[in-house]
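Note sheet for the following structure.
The values are calculated or read from the model by the stated rules, or taken from the named source; none is laboratory data. Not measured: the values here are computed from a predicted model. Every residue, glycine among them, receives a Cβ derived from its backbone with ideal geometry; neighbour counts consider all protein chains shown.
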């Protein structure tokens, strides 16, 4: 007896609602295998080591300069009290320009307004244009081009 389409659909629904990773059914000349979509979750996890590589580089430096980078980061963020920090809305790779042969979206000293594209973040092979949500002058670019960034990581300092 061969399963009909409705029975296969019901099996898919049951597998999706359960914690079963894979289900295979074989009958004489018929075989069906149903797998959960956890492979994409695994791909997201493989992006995590990219984040960890960035902290590992400072982890090699702490023996000599561990206090200095944390001290520098707050010093950079503390003095301009009247500034706004634009942060990364996602994990990915930060790019300052739309293509290698194109100019940067913004430079220090440029004036931005809401809706202006200020950078691109590549995540899962998709290039996401990041737009400014504030008006003001770019005071500082905090991330190097083609560097990995984490969610909520400061990217730019803007003076309103």
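Of note:
- Looking across region 143-160, the residues that are touching a strand residue (DSSP E or B) at 6+ places or on another chain (Cβ under 7 Å) and more than 11 Å from residue 88 (Cα to Cα) come down to 145, 146, 147, 157, 158, 159, 160.
- Enumeration of residues in region 71-90 that are surrounded by 15 or more Cβ atoms within 10 Å (Cβ to Cβ) and modelled with pLDDT under 60: 77
- Scanning region 95-123 for residues that are closer than 20 Å to residue 137 by Cβ and assigned to a strand (DSSP E or B), we see that the one that is nearest to the chain's Cα centre (by Cα) is 119.
- When restricted to residues that are crowded, with 16+ Cβ neighbours inside 10 Å and in contact with a helix residue (DSSP H, G or I) (Cβ under 9 Å, 6 or more places away or on another chain), region 124-156 contains 5.
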